[in-house]
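Take a look at the structure set out below.
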Amino acid sequence: EFHSVDQFSEVPTKWILKARVSRMWLAIKVNSTAMMRKEMILIDSKVNKFSNIKFLVLFSNTFIKLILSQTTFQGNDIWTQIPAYLIQQFDETLEEQKVYIFKNFKITVPKGGYRPVAFKYIIQFTPSTLVEASDQVSEIPRYKFSFINPTEIDLKWNEREILSGDEHFSRFSV
């Protein structure tokens, strides 16, 4: 049986996660070409129901209010890090949009400033982490979206916890 991301804690447990690699990138040291780590966003198969999602869309300089009344299903996402010394061990195994079963990893609290997802923990690969490809892929979404109320955008422009850009890209007026 697989765990879901929302079950994770720092309590040492033999976690087993079935998840899709939604995004993957290299973290490079500032003013250098040295790799610090490989990072990923994983999405699990846990079903979260959302209905009546309301948001604004900018279309030809006009805001259009959309309401999704159907039920939308999304998995939980988690930021994942592979230390530089382990990248080669997993480099040929992992591909974006593929589904894997992950075992023997560590759950920790992220250090530093920005996080690419809102979840309070991250997965860190260890030398004993195991990754197996999975054939069952249809029940795991490819992407996860987090919508916020448009009135909250000004409050988030300088938020350091979750990546939200800087003042020039995330603030606007109506």
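Around GLN136, what is the net charge, scoring Lys/Arg as +1 and Asp/Glu as -1 over all other residues with Cβ under 14 Å from its Cβ? Summing Lys and Arg as +1 and Asp and Glu as -1 gives -2.
Taken along the Cα-to-beta-carbon direction at a fixed 7 Å, the label points for ASP154 and PHE90 span 4.1 nm.
Where a number appears in this text, it was derived from the coordinates with a stated rule and is not lab data. What you are looking at is a predicted structure, and each value in this text was computed from that prediction instead of being measured. Here the Cβ is made from the backbone with ideal geometry for all residues, glycine too, and neighbour counts use every protein chain on show.
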